[in-house]
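J.: Pasting in a structure now, in structure tokens, and then I'll have a few things to ask.
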Amino acid sequence: MPAKPKRRSTSKPRPPKKSHSHPASTIPLTAAVITVSDSCSRGERIDLSGRAVARALTSSGFRIAATRIVPDDSAQIQSALLELAAEARFIATTGGTGIAPRDVTPEATAAICDRLIEGIAERMRREGSKKTLFAALSRAVCGARGKTLILNLPGSPKGAVESLNAVVDLIPHALNLLEGRTEHSQ
């Protein structure tokens, strides 16, 4: 039997997809986790949220430089943030972002930041609202102090990890920008 002639494709070749990726982070991905909780700081409850956030960060390529547990007290939160900003390029806080009277993490964070990065917190709330109505009650903020990025996460382990996962891919590029590396890939 004779071989069948090859058919030529009549469809046009597709242009290559444009990449929106950013250069790989060349800075060390160091992180610190601060759990803000009165009951955990008194030893009345085990810190599940801080541990969950540390595991999620480790899975995303971060080295955990330090962890802290502090009460819902603005001065102690600020002190921990200032201390850890010297040790880590990224700080995640968990807890104290709601509307209860002792929820002061956003104010403490904003007080020590040079500037706020509203889009990251907005993205967390937007993604969180797909899973729970209560995401709208979060007052979490994200900001920069020098070359350190600080992000507030909710206090529940599930909410903290889901919020982190909504933005974790932005963090290496944000850290590069804070370092002054502003080039983008073509």
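J.: For the subset of the range 50-71 comprising residues that are of a type in the set (Gly, Ala, Ser) and within 12 Å of Val168 (Cβ to Cβ), which member is surrounded by the most Cβ atoms within 10 Å (Cβ to Cβ)?
T.: Ala56
J.: Given (1) modelled with pLDDT under 95; (2) assigned to a helix (DSSP H, G or I), where does Ile77 come up short, assuming only one miss?
T.: Going through the list (1) modelled with pLDDT under 95; (2) assigned to a helix (DSSP H, G or I), Ile77 breaks only (1).
J.: Can you report the number of residues in the range 83-107 which are surrounded by 13 or more Cβ atoms within 10 Å (Cβ to Cβ) and over 21 Å from Leu178 (Cα atoms)?
T.: Here the count works out to 10.
J.: Now for a separate question. Suppose we keep only residues that are among the β-branched types (Val, Ile, Thr) and free of Cβ contacts under 8 Å to residues at least 40 places away in the same chain within the range 108-140. Which one would you say is farthest from Val36 (Cα to Cα)?
T.: Thr132
The values are calculated or read from the model by the stated rules, or taken from the named source; none is laboratory data. The shown structure was predicted, so the numbers you read here are calculated from the model rather than taken from an experiment. Every residue, glycine among them, receives a Cβ derived from its backbone with ideal geometry; neighbour counts consider all protein chains shown.
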